[in-house]
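I have a structure here, written as structure tokens, and I will follow up with some questions on it.
The values are calculated or read from the model by the stated rules, or taken from the named source; none is laboratory data. Only a predicted model underlies this, so the values are computations on that prediction, with no experimental measurement involved. Quick reminder, even Gly has a Cβ in these numbers, built from the backbone with ideal geometry, and neighbours come from all protein chains shown. Calculation scope for accessible area: heavy atoms of the full protein, side chains included, ligands and nucleic acids excluded. Shrake-Rupley method; radii C 1.70, N 1.55, O 1.52, S 1.80 Å.
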Amino acid sequence: MANLMDTLQQRLAESKAKSFLDPAFAEFMDQQDPLRALRNEFVIPARGEIAPGADRPDEPCTYLCGNSLGLMPKNVTKYVQEELTVWGEGAVNSHFKHRFGRPWVRIEETVQEQSARIVGAKKDEVAIMNTLTSNLHFLLAAFYTPTQERHKILIESKAFPSDHYAIESQILWRGLDPAKSLICQEPRKGEFLLRTEDILETIEKHGHEIAVVCFSGIQFYTGQYFEMEKITKAAQAKGCIVGWDLAHAAGNVPVKLHDWNVDFACWCSYKYLNSGPGGIAGLFVHERHAEDYSRKRLAGWWGHDKATRFDMVNEFKAMAGAAGFQHSNPSVLCTSALLGSLSVFEQTTMEDLRAKSKLLTAYLFHLLTTEFSAAILEIITPTDPEQRGAQLSLVFKGGKMMDIFDRLCAKAIIGDERKPDVIRVAPAPLYCRFEDVRFFVSELKALVAELYA
Ligand SMILES: Cc1ncc(COP(=O)(O)O)c(C=O)c1O
């Protein structure tokens with residue numbers, strides 16, 4: 001944090017702006033931003049569309065909601081339209097003959113390598129398929145192999161509900177009792193974040209009876225970026241399988257699934273990966289499991305050996321690697337939307353994005369902690385930039401969260417709310433500016449002055 005604050009202070013001096021909240025400072029930062037051109041790759045809703053009656057209706061809104069649904073990259077229209085054209089012109093023949101060089105029979109390969117780069121994986125460790133919760137189920141079907149001694153799954157007590165339901169149902173599906181086979185790691189009393197030391201202690205104490213440790217890379221509610229490598233290593237040392245849900249991490253922070261030796265992972269692509277609502281998801285299986293055909297998996301023809309897939313012989317032969325976990329032929333329209341989005345990621349690196357993201361979120365953090373007292377607003381996301389991504393989660397005191405949220409919406413500022421009292425804001429570095437952060441904080445300041453008077 002000190003380094004980021006030093007950078008911000010130094011830039012403030014260079015900008016000759018009066019303060020961090022001076023529009024001249026944000027303008028200076030945006031001019032200096034080496035990634036500033038990437039914003040032009042996105043369709044940003046107009047203020048008037050988001051908040052009818054707002055002033056400056058034709059100007060872009062302030063979008064701080066990439067943690068929920070990323071903005072639409074302009075290239076998505078191009079790639080999806082091309083598939084519609086090919087569908088119209090070639091219909092079924094387009095599975096094999098495609099005028100843009102993307103025959104549908106191999107459509108998933110068009111997004112495999114770029115997706116792998118984003119999550120720090122080798123190409124063959126990644127399959128682009130299904131949706132997130134489905135992928136979690138399919139992975140657990142193969143990787144959760146409970147025995148009498150080792151039958152437990154360790155998760156966060158506040159895991160995203162879909163993950164909790166999926167994992168609980170996997171335990172029930174095996175004829176086991178979640179009351180005995182599910183361990184939910186709780187934060188300490190009065191705390192929101194999970195301390196790594198507490199997670200490691202649980203692993204140390206219960207590791208011998210834990211079959212799978214499955215956490216989110218970044219916690220959806222608090223924005224905490226877990227120490228993935230440390231947790232993976234500790235759990236594997238105890239003989240556990242380790243899986244991660246990267247819904248809020250993929251495209252947000254540069255994870256290294258291969259190097260960290262993670263067993264499996266899954267993610268959606270509609271948040272920081274901007275592939276559109278309900279977009280196609282991803283799955284990772286470490287290469288050391290690539291040729292382990294002894295695990296029972298749920299199979300489908302898309303996981304079967306490509307060379308004989310169309311022979312229809314009904315003798316399932318899984319492909320090596322993540323590809324062997326596929327089931328259905330993937331949605332071409334969703335895959336091409338992801339391809340459009342990844343074409344923007346291709347213009348940068350996760351490291352450069354992370355560098356901007358850290359500075360942008362540090363700026364937001366600094367403004368919020370200096371402009372508001374703890375009696376009004378508390379940031380529950382970690383203070384340490386290494387332990388968070390783009391998102392900050394703000395608890396509003398005094399039962400005023402929904403009022404604040406509605407009034408921000410009326411000003412065409414989009415974050416999202418999580419009841420009872422949290423507003424999440426995430427300046428996604430691909431398209432958010434320092435000016436977006438500054439504008440949000442200065443408008444929030446005016447609202448707080450009204451509401452807490
Ligand atoms: C951490 C996490 N897990 C799972 C899900 C559910 O995703 P899906 O509906 O795509 O399966 C979400 C959705 O936001 C999420 O944030």
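Which GluC sites (Glu not before Pro) in the range 333-398 sit in a loop by DSSP (not H, G, I, E or B) and have at most 11 other Cβ atoms within 10 Å of their own Cβ?
E346
7 Å from Cα along Cα→Cβ at both S68 and E191: what's the point-to-point distance in nm?
2.9 nm
Still on this model: Would you mind checking which residues have amide H under 5 Å from F160's amide H? H placed 1.01 Å from N; only 5 or more apart, or other chain.
F220
Another question, then. Where in the range 68-110 is the amide nitrogen less than 19 Å from a point lying 7 Å along the Cα-to-Cβ axis of M312?
The answer is 92-96, 105.
Taking only protein heavy atoms into account and a 1.4 Å probe, give the accessible area per residue of the range 314-426 in Å².
36 Å²
How are the Cα pair distances of the range 80-345 distributed, in percent, across 5 Å bins from 0?
Spelled out per bin, shortest first, that is 1, 6, 13, 17, 18, 16, 12, 8, 5, 3, 2, 0, 0.
Moving on. Shape call for the range 272-341 from the C-alpha gyration tensor, a ≥ b ≥ c root eigenvalues: rounded (a/c under 1.5), prolate (a/b greater than b/c) or oblate?
Oblate.
Moving on. Compute the helix-to-body angle for 23-32: its Cα long axis versus the longest principal axis of the chain, expressed 0 to 90° and rounded to tens.
40 degrees
Rounded to a whole number, what is D in µm²/s for the chain from Stokes-Einstein with the Kirkwood radius over alpha-carbon pairs (37 °C, 0.692 mPa s)?
141 µm²/s
Among K123/K230; K74/K411; K152/K238; K16/K411, which pairs are too far apart, with a Cα-Cα distance over 20 Å?
Listed pairs above 20 Å: K123/K230; K74/K411; K16/K411.
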